[in-house]
Amino acid sequence: MKRLALSSLLVAGVLAACAPQATVMNNVVPSLISVQLPQDDGEPIRLDGRYFGDGQDGQADDSYVVIGARGDCTGGVELQADTWSANRITFRDPGGVGSGFVCVVANGVTSNGLPLDLN
């Protein structure tokens, strides 16, 4: 009886060790869906998308908006956002950027780029 109990415990331990483990991914790629330019002067540019983070990201060194970038989101001008939520970011046109792509870097992970023309 003791051998049966001991072998049952050993089998249960081996099965538990082989069970899949849940892992939390912190590097989900942010996705830009749309860019809305302001209707009136002084209004912010609005980016809509997913996985931008919890709202604090817009103030972190590794979370920012890049405008005037190349298609692969390199180059351009880095800006801190006016507002930042999980699915919306607003920022002001700094002037002098012209056209290119806009991208979001959230927690060091770069989104896809969308065309942006500020001329």
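What follows draws every value from the coordinates through simple rules; no lab data is involved. Computed from a predicted model, the values in this text were never measured in an experiment.
Quick look at the values:
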item	result
Residues whose placed amide H lies under 5 Å from that of Leu116, excluding near-sequence neighbours	Gly100, Phe101, Val102
Derived scalar couplings ³J(HN,Hα) [the range 103-110; Karplus, 6.51 cos²θ - 1.76 cosθ + 1.60; whole Hz; x for Gly, Pro]	9, 10, 10, 10, 6, x, 9, 8
Rg/Rg_globular for the range 27-100, with Rg_globular taken as 2.2 N^0.38 Å and Rg from C-alpha atoms	1.05
